[in-house]
1. Mind counting the residues in segment 39-62 that are over 14 Å from ARG90 (Cβ atoms) and not hydroxyl-bearing (Ser, Thr, Tyr)?
2. Out of the residues in segment 122-155 that are part of a strand (DSSP E or B) and in contact with a helix residue (DSSP H, G or I) (Cβ under 7 Å, 6 or more places away or on another chain), state the one that is nearest to THR2 (Cα to Cα).
3. Could you list all residues from segment 21-51 that are of a type in the set (Lys, Arg) and modelled with pLDDT of 90 or more?
4. Just checking, does segment 79-92 include any residue being among the hydroxyl-bearing types (Ser, Thr, Tyr) and under 17 Å from the mean Cα position of the chain (by Cα)?
5. Within segment 99-126, take every residue that is surrounded by fewer than 22 Cβ atoms within 10 Å (Cβ to Cβ) and aliphatic (A, V, I, L, M) and give me the one that is farthest from VAL35 (Cα to Cα).
6. Tell me which residues, restricted to segment 76-96, are surrounded by fewer than 23 Cβ atoms within 10 Å (Cβ to Cβ), among the aliphatic types (A, V, I, L, M) and assigned to a helix (DSSP H, G or I).
7. Restricting to segment 134-159, and then to whatever is of a type in the set (Gly, Ala, Ser) and at pLDDT below 90, can you tell me which residue is surrounded by the most Cβ atoms within 10 Å (Cβ to Cβ)?
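The values are calculated or read from the model by the stated rules, or taken from the named source; none is laboratory data. All values reported here derive from a predicted model rather than from experimental measurement. With ideal geometry, Cβ positions are generated from the backbone for all residues, glycine too; neighbour counts draw on all protein chains shown.
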Amino acid sequence: MTDPMDALIDFRRAIAQREIRVQPADFHPDIFVHVDQPAGAPRYTYALVEDGEVTAVALLALTEPIEGVPTFQLGYAVMESRRGSGRAQRIAMAAINEICRGLRRNGIPELYFEAVVDRENMVSLHIAEKVIGGPRTECLDHDSGVPAIQFQRLVDSNA
């Protein structure tokens, strides 16, 4: 399981050092996006920017399709000083909305979204339940071996 907090810290550093460029998201004026391909597959990093500071990110990485349907794995993180006010849910929902609307323009009618969350991380489990929902499946994270809960949901990008 990759820790999205590491991604948030690296993302903030890369922006500060001008190593990456972000662009405004299409449908949410306070959200910015950066697209890269770190493992050869597209990854979209959506950043919530407040007072010139990245306070939260949602990462959507294209992963193995489910039943032939494109699937994005979701991760999210919020700066510790900004937690507790709905930023994780807000950025995650905005990221999913941006991807759905963008892919709808390209004729992709449906997508799967999934999140694999450490089963001890109650806050993140609550957010995944709200944002993705769907069935909760007990699993072991394939990268870390940590007991986790997987959430998956098929989304009609036209909805």
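1. 12
2. So the residue we want is ILE149.
3. ARG43
4. Looking for residues that are among the hydroxyl-bearing types (Ser, Thr, Tyr) and under 17 Å from the mean Cα position of the chain (by Cα), one finds none in segment 79-92, hence no.
5. Only one residue tops the list, namely MET122.
6. Result: MET93, ALA94, ILE96.
7. It comes out as SER157.
Listed here are the residues, each with its yes/no results for (1) in contact with a helix residue (DSSP H, G or I) (Cβ under 7 Å, 6 or more places away or on another chain); (2) over 21 Å from ALA88 (Cβ atoms).
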| site | (1), (2) |
| --- | --- |
| LEU8 | no, no |
| ILE20 | yes, yes |
| ILE31 | yes, no |
| GLN37 | no, yes |
